[in-house]
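Visitor: Provided herewith is a single structure, encoded as C-alpha cells, for subsequent inquiry.
The values are calculated or read from the model by the stated rules, or taken from the named source; none is laboratory data. Everything quoted here is computed from the prediction, not taken from an experiment. Neighbour counts run over all protein chains shown; Cβ positions are idealised from the backbone, glycine included. SASA here: full protein model, heavy atoms, side chains in, ligands and nucleic acids out. Shrake-Rupley method; radii C 1.70, N 1.55, O 1.52, S 1.80 Å.
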Amino acid sequence: MISKKIVQILSIVLILNASLLAKQQADMVDHVALASLMIYDARYKKAQEELALVDKKSSTYDKANYFTVVGVLNAKQSKTSEAIVAYKKAIDATKIKVFIAPKVYTKEKYLFSIGNTKTDKTKVPVFNAEAKRQDKLSALYMNLTGEYYKLKDYKNTVASLESAGEVGKNRAALFTLRAECYYKQELFSDAISALNMGINKFPDNSKLLKQKFYYFAELKLYQAAIEASKVYMDKVGVSSKEYIALSQMLIGANQIDSAIKLLEESKLMFPKNPKIGVLLGHMYLKKGMRNTTAHLFEESSYYDKKYLKDAVEMNRRAGNNLHALYLNAQNIDKVEKLKQKIAIYLNVGEYRKIIGLQKALKRYKMLDDDNLRYALAYSFYMAGDYVSAEAQLKYISNSELFNKATVIRKNIEKCTNNQLECL
C-alpha cells in the first residue's frame, strides 16, 4: 500500500509540472506579434490589451520590438508625443540588442535508389548583425521623422532624417521635406542646399526644381526665380501655364520690366494664348501705353470673346472711338453693348445719340443704374432739353451723383433765367 507521504510528493510533482507547462504555453504566445496583427486590422483597443499581457521579465522579451509596436500603435491613434517616446526607447534598445542569425534548415534530397540520400548544401548567406541593426534603426528614425513633422518640430524632423542614413536620402520627396523644414526655420540657404542635393541625386525629378523656383520667388530673388523656372520648364516641357504663373509672380512683386520681357518671350511661343496678351497689355498700360494695350486686348479677343469688352473700353480710353464702336458692334451681350456705346458717345459728345437710346435703356431696365440715368439726364441737359433733364435727375439717389445733379439743376436755372449763360 502506497504511503501518504509518497502520494503527497507525487501531488506536488504533478502541480509543479502543470505550472511549468502553463508557463511554457504562456511563453509560446507572442503577444507583441498578436498586437501587430491587431494594429494592421485597426483593432487598437485589442492591440493595447495584447501589449499589456507582455511579460517584460521573460527571457524571450524583446524590448526593441515591444517599443516599436507601442510606437506604431500610438502613431495610428494620433498620440504623437507618446509615439515619439516609444520610438526613442525602441532606438535605445535596438542599439544594444544582440541580433542572432536565424536558424537555417537543410533539406535532404532523395535520389532514385531507396536509402540513398543527399544533403542540400546550398550556400547560406552570411548573417550581418550590424547591417540588420542599421536597417531597424533607419526604419525607427524614419518613423520618428513623421511624428516630429506632425508636431511641427522641424529641427528634430531633419535630425531624424539624417540619423536614418541612406534611407533618409533614397527618395526625392525626402529632400523636399528637408528643404521645407529648413525653410520653416528661416534657414533659407540650407533649404536651397537641400534642394540642390536632391536635384543632383535625382536629376529627373521636376518637383525639386519647382520648389526651388517658389523659394526664390518668395525670397524676392526674382532673377534666380526666372532661371530656376526655365530649368524646370526645360525638364517638364515648355508650358504657357508656367510662363503665366511666373509672370504673375513678377507682376505681384511690381517687377514690371521683367514681367514685360518674360511675357513678350512667352507671346512669341504661345501667340494664340489670350491671357498672355491681356497680361502684357496690362503691363504696358502701367507704362501709359494705351494704344499698345488696346491692340493687345483686341488681339486676345480674337481667341476669347470675353476680352472683347476690355478691347472696346481700352480703345475708348485711347481715343479710338470709331474703332471702339466697330468692336462694340460685335458684342452679343446687349446690356454690356449698350453701356459701352453710351460711354463712347459721351467721349465724343454725341449727346443726341445717347438720347436716341432711351427706349433701349428702358427696355432692358438699365435706368435702374443711377450712372446710366445720370448719363441720359446730362445728355438732355447738353442738348438743351432741360425739362427732360429734370425729369431724369429727380430719380437719382446716389449721393455722389445727386451732388452732380444739384450742380446741373443750378445751371438749368441759370440758363432758364438767362439764355446767354448757356452759350
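Visitor: Residue check: is residue 341 open to solvent by less than 60 Å² (accessible area, probe 1.4 Å) and basic (Lys, Arg)?
Guide: Values: open to solvent by less than 60 Å² (accessible area, probe 1.4 Å): yes; basic (Lys, Arg): yes.
It is true that residue 341 is open to solvent by less than 60 Å² (accessible area, probe 1.4 Å) and basic (Lys, Arg).
Visitor: Take the range 220-239 and flag every residue that is open to solvent by 30 Å² or more (accessible area, probe 1.4 Å) and outside any loop (DSSP other than H, G, I, E, B).
Guide: 222, 223, 224, 227, 230, 231, 234, 235, 236
Visitor: Collect the residues in the range 391-401 that are surrounded by fewer than 14 Cβ atoms within 10 Å (Cβ to Cβ) and either within 52 Å of the chain's Cα centre (by Cα) or modelled with pLDDT of 95 or more (or both), keeping them in residue-number order. Before you say what the answer is, go through the steps one by one.
Guide: Step one: filter the range 391-401 for residues surrounded by fewer than 14 Cβ atoms within 10 Å (Cβ to Cβ), giving 391, 394-395, 397, 399-400.
Result: 395, 397, 399, 400.
Visitor: Follow-up. Which one of these is buried (at least 18 other Cβ atoms within 10 Å of the Cβ), among the β-branched types (Val, Ile, Thr) and touching a residue at least 12 places away in the same chain (Cβ under 8 Å): 256, 244? Reasoning before the result, please.
Guide: Working: 256 fails: buried (at least 18 other Cβ atoms within 10 Å of the Cβ).
Only one candidate passes the filter, namely 244.
Visitor: Turning to a different aspect of this structure: Would you mind finding the one in 351, 303, 307 that is within 24 Å of residue 378 (Cβ to Cβ) and in contact (Cβ under 8 Å) with a residue 12 or more places away in the chain? Reasoning before the result, please.
Guide: Details: 303 fails: within 24 Å of residue 378 (Cβ to Cβ); 307 fails: within 24 Å of residue 378 (Cβ to Cβ).
Answer to the check: 351.
Visitor: Based on what the data block shows, is residue 179 under 25 Å from residue 213 (Cβ atoms) and crowded, with 18+ Cβ neighbours inside 10 Å?
Guide: On the way: under 25 Å from residue 213 (Cβ atoms): yes; crowded, with 18+ Cβ neighbours inside 10 Å: yes.
Answer is yes for this residue.
Visitor: In this structure, does residue 264 turn out to be open to solvent by less than 40 Å² (accessible area, probe 1.4 Å), free of Cβ contacts under 8 Å to residues at least 24 places away in the same chain and among the acidic types (Asp, Glu)? It would help to see each step written out before you state the result.
Guide: Numbers: open to solvent by less than 40 Å² (accessible area, probe 1.4 Å): no; free of Cβ contacts under 8 Å to residues at least 24 places away in the same chain: yes; among the acidic types (Asp, Glu): yes.
No.
Visitor: Continuing with this model, one more query. Any idea how many residues of the range 344-390 are assigned to a helix (DSSP H, G or I), within 51 Å of the chain's Cα centre (by Cα) and aliphatic (A, V, I, L, M)?
Guide: Of the residues in the range 344-390, 11 are assigned to a helix (DSSP H, G or I), within 51 Å of the chain's Cα centre (by Cα) and aliphatic (A, V, I, L, M).
Visitor: Could you look through the range 403-423, keep only residues that are under 52 Å from the mean Cα position of the chain (by Cα) and touching a residue at least 24 places away in the same chain (Cβ under 8 Å), and pick out the one that is least open to solvent (accessible area, probe 1.4 Å)?
Guide: If we filter the range 403-423 for residues that are under 52 Å from the mean Cα position of the chain (by Cα), which is where we start, we get 403-405.
Narrowing further to those that are touching a residue at least 24 places away in the same chain (Cβ under 8 Å): 404-405.
Numbers: 404: 94, 405: 0 Å².
Residue satisfying both the conditions and the ranking: 405.
Visitor: Confirm whether residue 365 is on the phi > 0 side of the Ramachandran plot and surrounded by fewer than 21 Cβ atoms within 10 Å (Cβ to Cβ). Show your work before the answer.
Guide: Details: on the phi > 0 side of the Ramachandran plot: yes; surrounded by fewer than 21 Cβ atoms within 10 Å (Cβ to Cβ): yes.
Considered against the rule, which asks whether it is on the phi > 0 side of the Ramachandran plot and surrounded by fewer than 21 Cβ atoms within 10 Å (Cβ to Cβ), residue 365 comes out as yes.
Visitor: Condition test on residue 165, is it surrounded by 19 or more Cβ atoms within 10 Å (Cβ to Cβ) and farther than 30 Å from residue 282 by Cα? Before you say what the answer is, go through the steps one by one.
Guide: Numbers: surrounded by 19 or more Cβ atoms within 10 Å (Cβ to Cβ): no; farther than 30 Å from residue 282 by Cα: yes.
No, not satisfied.
Visitor: A further question on this structure: Kindly list, by first and then second residue, each pair from a residue in the range 380-402 that is closer than 16 Å to residue 362 by Cβ to a residue that is part of a loop (DSSP other than H, G, I, E, B) and open to solvent by 20 Å² or more (accessible area, probe 1.4 Å), limited to pairs with Cβ atoms under 6 Å and residues at least 6 apart or on different chains.
Guide: none
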